[in-house]
Every structure is written in structure tokens, then in C-alpha cells.
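Colleague: Pasting in a structure now, in C-alpha cells, and then I'll have a few things to ask.
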Amino acid sequence: MTQRYVYVLAALLTILGLSVFFYKWQVLGFPVSEDLEMPVWTIESAVRFKSGPGSIKVNLQVPALTPGFRRLNENSVSRGYGFSTNLGGGGREAQWAIRRADGEQTIYYRISVYEDDSVDESDTTPPFPPTPNINEPMRTAVDVLVGDVRDQSADTASFTTELLRRMNDPSPDPNVELLLAGINSSAGFVDVVTTMLASARIPARMVHGFPLAGRQRSAAFVTWLEVHDGDRWLYFNPVTGDESLPDRFLVWWRGNDPLVKVEGGSNVQVDFAIQANQLDAVAIAETQAAQLGTSAVDFSLYSLPIRTQAVYSVLLMIPIGALIMVIMRNMVGIDAFGTFMPVLIALAFRETKLFWGLILFTLLVTLGLTIRFLLDRLRLLLVPRLSAVLIVVVILMLFISMTSHRLGIEMGLSVALFPMVIIAMTIERMSVVWEERGAADAIRAGLGSLAVAVAAYTFMGMAWLEHLIFTFPELLLVILAFVLLAGRYTGYRLTELTRFKELARN
Amino acid sequence: MLSTAKKLRDIGVLGLNERNADFIMRLNPRRLYPRVDDKALTKDLALKAGMAVPDLYGVIEHQAEVRDFASMVTERDSFVVKPAQGSGGDGILVVTGRSDRKRDSFRLSSGMLISEGEIQHHISNIVGGQYSLSGNRDKALIEYCVRFDPTFADVSYQGVPDIRVIVYRGYPAMAMVRLPTRASDGKANLHQGAVGAGVDMSTGETLQGVLDDLLVEEHPDTGVLVKGLKIPQWDFILESSARGYEVTGLGYLGVDMVIDAERGPLILEMNARPGLNIQIANCTGLTNRVARIEEIFDAGASPADRAAIARREFAA
């Protein structure tokens, strides 16, 4: 019965802990690993134009679907203009409107994105494009070319590659020459290619975007070709015909709509500036969470004052130490003094570092034990005896600090970080065991305590674990669940396998 | 490693985790612990239940009573002074006789002479909590000194050999004889280096021994074979230990008995957390026997019935 309650409770705690964890990790994007900084790219577009006499309306294509990138925020700086964004044919359009404006106008639109591989093309599958109306003699050229390419290709991808190869041939055949007559821009070229693909009933479109790299004062668009093979969109380099996408390619808009339309203005000019910043991954996640309107961040430890955060980053490791303690005691079966003594010693090791921690601890306990045995002759009662040991421990710590300072070993000063009450109790327990069970048992349990302390220290000192628990404190519920289960673990301890080896032999 | 665990599981070896979680926590309610932790109370309860215990000559509870010590033992030449809540045999003084010339000078089991004043000081220490593990005030018991039966004389090095019986819900499940060695300093505690010898439950004959988790054939100090010794009054021992369940109410109990040359088996103390090495001494695990007891458990069975069942079921 109890057993079942424990299982149910442990399962509930695990599910709760893990689901909050997954939500924060997958949806809100809290980082599980420790590289706390992520590049955030800010792209600013400035639309400049001369205002006309009447009302002004400005439409600018802005990013909608951005594979490989997630939008952190966007904003617009435009004095006096009404601002809205709408979904349009090529994706999303930002629209500014004003009744009347004078002189030179500048409208800024700024968007910040960060890399996130989980964002992929979630666009719908397009219908087969209608056969485009093309006039003769273009029509024949297209038909011949499409027919030739079809003969030399197997599927959509190889068709596209072959088509692009022919179109880019330095010594083109006459059909290609005819089709490309008068085309002088990359966008125009891709436009012709999409038309040809459409006549082969292959859905294709232009993509315009920026390869994000460093700081760019005035970034130029790169036009790329997107082809749908029935399952997903493929990207093709229109110049080489390779199926690829430039590194960190941010898709700004798709299709052949113009980037900007200005009604009631003239001399329109659009400039793009790109800047990379390093931003705390946690800050990004919190912004993300705020956008989603979730309360998960309200309970984030990152919202606490920095000083308190520092305290908690240590405190949250204590459950890890307790977990190690449970495993070492109940599953491995190592003898140790005191339930949590090794964990507290491990905490002290964090400050002293392992090597000096071990030396100082051994020194302190050895000296303390010696004096405890001397005290034993006085036959003191328990509480006065414990107090005497405690005072001796404090004096010893002082002594060790003074001596090591004299000798110039500054690490010796950190002996003050050991929990003196715990050390005093350890010395007392050790001396009792020493008398009752003999020196061998006492030293074995002493070494066991140190071994557990070192194991706890190792885990409690893992930076990624500390980050993980601090960012996702709900994982403590999972640890709690494990400890509950361990509390009902009735299997053998590892050391019992050796203890009962005589029985296993027969 | 897993195969070892599986093998141990197959022969029903009880591990510490299982003992603590499934036996002690389930069967031994905390409130019953004083009945076994305080030897004065244990003795009192056992006497009321009609069990044989070493006679109690007197109890000293307060410092003021320490000087009454001499009057308690005027009639006696040998006696034992022990703390009621001591552990591991600490603080026990075994007086085997008096000096021929002076009545107020006592001879200890080691042969040393000790004055009445020194014994009083020792008692005063016991009362002050010197030997009680918790450090609390304690009582000093002055009781009959067991003249132990010669059966185990050849396989004991000084000290008092005793018999430990594990009693599960009133049914004796497993037993061993604990033989003091030089290393155990005359104490019958396996942790301190005593030899434990398994016992065939049906015949009361000793089996092989265990020393520090290893099987041994002979006593390490005397070199005499441990195996094949017949424990006298085995029936009575089983029945007395079965009765320990009624006395203490503890479902998982270790009953420690000694065999006196004249008075037969006497209950020395009982233990709410008996150790697990008894399994090595018997070359078998406890869980199988416990499972069998659960099958045949009958709340109405008398201690004698339960002892008989143990003899019938748990032959080696």
C-alpha cells in the first residue's frame, strides 16, 4: 500500500517537474547548457522618401517565416505615422499611414532575431502553378528548354539544378539568350526561372534575404530561389544551381512583390543596417515568455536580486549533495558519519578547493580527535564534552589559519569555512565509534565520509549542473521523486554483495 | 555484479535496506523500543511473562543510592554490574569472587582485585550516563553472574558465549551461537570480531562459523572445531525466544540468551535491530524463512507451538 503511494507520488512529482522543465526548455527556450550568450541580430531598415502633397501610405515587406531564426522583437520608429502589420501575398507587410507630412521623411523598422534551428519552414504546400501565359517566340524557347531539361533530370531538384546550369552557361544556347535578353538584375533572373519552372508545373518562388554576418552599414539583398518538391521547400543558389542556402540566411520576404510601396511619396530609398549583439540566452527566453504571456518567468530565480541569486545557486546544489548521499549510503552502502555531514563538508570544499579541503579536513579531525581522547580522561558529561570539543575545534581552526598565514600558505586561511559544529560532532562520533568498535571501524567510516564528501563535491561543483538546477529549479521535484523511491529501495547495497559473497558462492 | 545480486536474491538473503524498510519499520513500532533498549525494563517484562532471566540483586538509579551497593551484595560472592542502556558490552563489570582476607575487596573475571570504593565509582559513572550511548542518565543493574555451561568452553576465548535467535512475528526463524575471541575482547559481538556459528533449528546443533564475513571451521584462538556442538535445552531456548514476541510486541526481534550451568538458558537481552551476519553463519537467507512463516502464520499459536513449527520447518 505504502509502496503504491510512494510510486504514485514519485510519478506525479517527476511528471510535474519534467513537464515544467520541458515547457521552459522547448517552448520558452531557456538554455539547458551553460553558454549563456547567444548572438542576436538586429536589422534596421530605413525607408526614406519625399512626401507628396496628400496623404501618405507606406507598405514595407517584413519577415514572416524565417527558417533558422526566431523573432525576439520588432518595432518601428516613425513620428506621427500610424503603424500596423498585415499578412500579405509575399508574407508580412508593415504599413505606415499619415494624413499629411512635409518634406523628407524617414521611417525606421527594426527587428531582432536569434538563431534557433528548431524554427523551420512551416509554410503550406502550394498548389501546382497554372501554366503561365507566355507570348511567342518566348513560348517556344521555354517549351524547348523545359523539354530538354526534363529529359536530363530525374526529379524536381535535379530539374532545377539542370535548368539553372543551362541558364547560367557562359555560352548560352539561343533559347536561353532570348529569354534572358534585357534581364540585368538577380531578381529579374530568378523571376524568369520561376516562370519557366511554373510552365513545367513546379511551384517556385523568389526569396529575398540577408546572410547575417558581422556589422553591415548598408546590407544588400540576396535573391535566392525556392522550389517545392511536393514535400518541402528546397533552396537553390540561382547562380550556381547548388541546392544550398547561404550561412545564416535571414529570409526577409518571398515572391515578386516590390520591397516597398509608397503612395503619395517619391524618391523612395530603402537602406538596411545589420548589427550583431551578444545577449544573455536567459534574457532572450524571458522576453520570449513575456510575449507568450506565461507566468513561468514570474517564478524564475533570475528575477531575484543578484546577491540572493548567488546564495541560491549554492543552496540549490544541496539537494544534489543529498541525492549523492542517498545513493552512496543506501545503494552503494558506504559507512559515513552523520547524515549530512559529508554534504556540508562538500560545500566547504567548494570554497577551499578539493586538495586543500582534504588536507585541512584531515588535519582538523586528526588534531581534534587527539584532543578529544585527552578530554576523555576527564570523564565529562555529554553536553559539556561536546561544547569542549567545539571550542577546541574553533581554537584549532584559528591555530591552523595563523600558522599557515605565517608560512605564507594562504589556502590555510580557508579552514575557517568548515562548518565547525559539524566537525565537532564528527570528532565526537568518531571517537565514540573508535572506542566501541575499534580504530579500524572509526577510520573506515571516516574515510567513507570523505569519499562521500568528495563525490558530493564533484557533482555539486559541476557548472552545467548548477546552471541546470538554477535555471530549472523544478528539477528538484525530480530529485525529490528519486529520493522518495530510494526510500523504498529494498534491494541490496553494493557493499552487501561483497559482505555476503560467501553465501553467493554456494 | 548483477549475477551476484540475483544469486543472493535466490537464496533469500536479506539486505540492510530491506531489513530497515520492510521489517523494522513495518513490524517494530518506535514506541516499543524502550522495552528492549532498557535492560531493567526488559528483565521486568520477561519475569512477568514467566521467562528465565539472571536474578536481579538490585538497581541503582540515583547517585545517593550508590552507597547502598554493599548491602545489595552482602549475601553474594559473584555478581555482574551493568548499565541498563549500555551497548556493545561497555561498562560491564564481572565480579567472580571476594578476596580471602578482606570481604570488601572483589576479584574481577580477569583476576584483578578491586576495592568496594572503585566499584562504587564505576556505578556512579554508569548512573551519570558514561556508558549510555545517548549520554542520558542511566541505571546500574546488579545481577546474577552467569556460570556458563561448559558446552562452549572450548570454542570461547574468555567472555560469555551467547545464543542469538531471530524471531519473526513470534516464530523463531534463525539462530546462531556467538563465541567471543581474543579480538572481540571477550565480547560476543560479531562487529567486534566474535565468531558466529549457525545453528540447525531442528536439532540445535551448531553449523560452520562466520568471522568477519568469512566462513570458518575452527575457533581462531582455541583451534577447536565450531561445528557439531549440541546446544543443551534447545526446545526451551526456542520457546523462550518465541515468547519474546509476546513480551516486547516487536515483530522482528533478536533474542540473546546464555546457558547457565545450573539454571539453564537465561534471557540476557533483546534487540530491535538484529544484524544480518547470522545469514552467513547459517549459509542461508532470512527472506525465504520469513516467507514460509507468513504462509503458516497463526495469531493464536502458543510460543510452544511456534517453537515446534520452527524445529519442523527450518532444518539446516
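Colleague: Residues in segment B:39-94 that are of a type in the set (A, V, I, L, M), more than 14 Å from B:Ile126 (Cα to Cα) and assigned to a strand (DSSP E or B): how many? If you could, list the steps in order and put the result at the bottom.
Modeller: Restricting attention to segment B:39-94, the residues satisfying the condition of being of a type in the set (A, V, I, L, M) are B:40-41, B:45-47, B:49, B:51-53, B:56, B:59-60, B:64, B:66, B:70, B:72-73, B:80-81, B:84, B:92-94.
From what's left, more than 14 Å from B:Ile126 (Cα to Cα): B:41, B:45-47, B:49, B:51-53, B:56, B:70, B:72-73, B:94.
Applying the additional criterion that residues be assigned to a strand (DSSP E or B) yields B:56, B:94.
Looking only at that region, the number is 2.
Colleague: Here's a follow-up. Just to be sure I understand, how many residues within segment B:145-167 are over 10 Å from the mean Cα position of the chain (by Cα), farther than 17 Å from B:Gly89 by Cα and among the aliphatic types (A, V, I, L, M)?
Modeller: Residues meeting the conditions: 4.
Colleague: Filter segment B:1-50 down to the residues that are surrounded by fewer than 13 Cβ atoms within 10 Å (Cβ to Cβ) and of a type in the set (Gly, Ala, Ser), then identify the one that is nearest to the other protein chains (Cβ to nearest Cβ).
Modeller: Selected residue: B:Ser3.
Colleague: OK, next. Of everything in segment A:53-68, what is at pLDDT 85 or above and not polar (S, T, N, Q)? Give them in sequence order.
Modeller: The first filter runs over segment A:53-68 and keeps only residues at pLDDT 85 or above, leaving A:55-63.
Once the filter is applied, which keeps residues that are at pLDDT 85 or above and not polar (S, T, N, Q), segment A:53-68 yields A:Ile56, A:Lys57, A:Val58, A:Leu60, A:Val62, A:Pro63.
Colleague: Determine, yes or no, whether A:Leu407 is out of contact with any Asp or Glu (no Cβ under 6 Å at 6 or more places or on another chain), buried (at least 16 other Cβ atoms within 10 Å of the Cβ) and not aromatic (Phe, Trp, Tyr).
Modeller: Working: out of contact with any Asp or Glu (no Cβ under 6 Å at 6 or more places or on another chain): yes; buried (at least 16 other Cβ atoms within 10 Å of the Cβ): no; not aromatic (Phe, Trp, Tyr): yes.
No.
Colleague: Taking helices (runs of 4 or more DSSP H) that do not extend beyond segment A:437-506, which have at least 1 residues that are more than 14 Å from chain B (Cβ to nearest Cβ), of a type in the set (Gly, Ala, Ser) and under 17 Å from A:Asn330 (Cα atoms)?
Modeller: Working: elements: A:439-460, A:463-471, A:475-487, A:494-499, A:501-505.
The helices (runs of 4 or more DSSP H) meeting that bar are A:439-460, A:475-487.
Colleague: Something else now. Kindly list the number of the only condition in (1) away from chain A (no Cβ under 14 Å); (2) in contact with a strand residue (DSSP E or B) (Cβ under 7 Å, 6 or more places away or on another chain); (3) not β-branched (Val, Ile, Thr); (4) not in a loop (DSSP other than H, G, I, E, B) that fails for B:His122.
Modeller: (1)
Colleague: Could you list, in sequence order, the residues of segment B:131-146 that are in a loop (DSSP other than H, G, I, E, B), in contact (Cβ under 8 Å) with a residue 40 or more places away in the chain and either outside the structural domain of B:His62 (by TED's automatic domain parsing) or surrounded by 13 or more Cβ atoms within 10 Å (Cβ to Cβ) (or both)? Step through it out loud before you land on a result.
Modeller: From segment B:131-146, those in a loop (DSSP other than H, G, I, E, B) are B:131, B:133-139, B:144-146; that's our starting set.
After this cut, where a residue has to be in contact (Cβ under 8 Å) with a residue 40 or more places away in the chain as well, the list is B:131, B:133-134, B:136, B:138-139, B:144-146.
B:Tyr131, B:Leu133, B:Asp138, B:Lys139, B:Tyr144, B:Cys145, B:Val146, listed by residue number.
Colleague: Take the residues in segment A:417-436 that are within 14 Å of chain B (Cβ to nearest Cβ) and not hydrophobic (A, V, I, L, M, F, W, C); name whichever of them is farthest from A:Met397 (Cα to Cα).
Modeller: Kept after step one, since they are within 14 Å of chain B (Cβ to nearest Cβ), are these residues of segment A:417-436: A:425, A:428-429, A:431-436.
From what's left, not hydrophobic (A, V, I, L, M, F, W, C): A:428-429, A:431, A:435-436.
Working: A:Glu428: 17, A:Arg429: 19, A:Ser431: 19, A:Glu435: 25, A:Glu436: 28 Å.
By that ranking, first place goes to A:Glu436.
Colleague: Something else: Say whether the condition of being surrounded by 20 or more Cβ atoms within 10 Å (Cβ to Cβ), of a type in the set (A, V, I, L, M, F, W, C), in contact with a strand residue (DSSP E or B) (Cβ under 9 Å, 6 or more places away or on another chain) and within 30 Å of B:Phe79 (Cα to Cα) is met by at least one residue in segment B:177-187.
Modeller: Within segment B:177-187, one or more residues are surrounded by 20 or more Cβ atoms within 10 Å (Cβ to Cβ), of a type in the set (A, V, I, L, M, F, W, C), in contact with a strand residue (DSSP E or B) (Cβ under 9 Å, 6 or more places away or on another chain) and within 30 Å of B:Phe79 (Cα to Cα).
Colleague: Also: Tally up the residues in segment B:97-117 that are among the charged types (D, E, K, R) and either within 14 Å of chain A (Cβ to nearest Cβ) or exposed (fewer than 13 other Cβ atoms within 10 Å of the Cβ) (or both), please. First the steps, then the outcome.
Modeller: Going residue by residue through segment B:97-117, those that are among the charged types (D, E, K, R) are B:98, B:100-104, B:107, B:116.
Narrowing further to those that are either within 14 Å of chain A (Cβ to nearest Cβ) or exposed (fewer than 13 other Cβ atoms within 10 Å of the Cβ) (or both): B:100-104.
Total satisfying the criteria: 5.
Colleague: Could you list all residues from segment A:386-419 that are in contact (Cβ under 8 Å) with a residue 60 or more places away in the chain and part of a loop (DSSP other than H, G, I, E, B)?
Modeller: Residues of segment A:386-419 that are in contact (Cβ under 8 Å) with a residue 60 or more places away in the chain, as a first pass: A:414-415, A:417-419.
Within segment A:386-419, A:Phe418, A:Pro419 meet the criteria.
Colleague: Right, something else. I'm checking my understanding of the structure. Among residues of segment A:26-54 that are polar (S, T, N, Q) and touching a strand residue (DSSP E or B) at 6+ places or on another chain (Cβ under 7 Å), which one is nearest to A:Glu104 (Cα to Cα)?
Modeller: Going residue by residue through segment A:26-54, those that are polar (S, T, N, Q) are A:26, A:33, A:42, A:45, A:51.
Pick out the ones that are also touching a strand residue (DSSP E or B) at 6+ places or on another chain (Cβ under 7 Å) and you get A:42, A:45, A:51.
Values: A:Thr42: 25, A:Ser45: 16, A:Ser51: 6 Å.
Per the stated criteria, the residue is A:Ser51.
Colleague: Would you call B:Val210 of a type in the set (A, V, I, L, M), closer than 19 Å to B:Ala173 by Cβ and touching a helix residue (DSSP H, G or I) at 6+ places or on another chain (Cβ under 6 Å)? Break it down into steps so the answer makes sense when it comes.
Modeller: Details: of a type in the set (A, V, I, L, M): yes; closer than 19 Å to B:Ala173 by Cβ: yes; touching a helix residue (DSSP H, G or I) at 6+ places or on another chain (Cβ under 6 Å): yes.
Criteria met by B:Val210.
Colleague: Need the failing condition index for B:Val155 against (1) within 30 Å of B:Glu218 (Cβ to Cβ); (2) in contact with a Leu (Cβ under 6 Å, 6 or more places away or on another chain); (3) modelled with pLDDT of 80 or more; (4) not assigned by TED's automatic domain parsing to the domain that holds B:Leu238, just the number.
Modeller: (4)
Colleague: For segment B:281-295, which positions are at pLDDT below 90 and more than 14 Å from chain A (Cβ to nearest Cβ)?
Modeller: If the condition is that a residue be at pLDDT below 90 and more than 14 Å from chain A (Cβ to nearest Cβ), then no residue fits.
The values are calculated or read from the model by the stated rules, or taken from the named source; none is laboratory data. All values reported here derive from a predicted model rather than from experimental measurement. In this analysis, Cβ positions are derived from the backbone assuming ideal geometry, glycine residues included, and neighbour counts consider all displayed protein chains.
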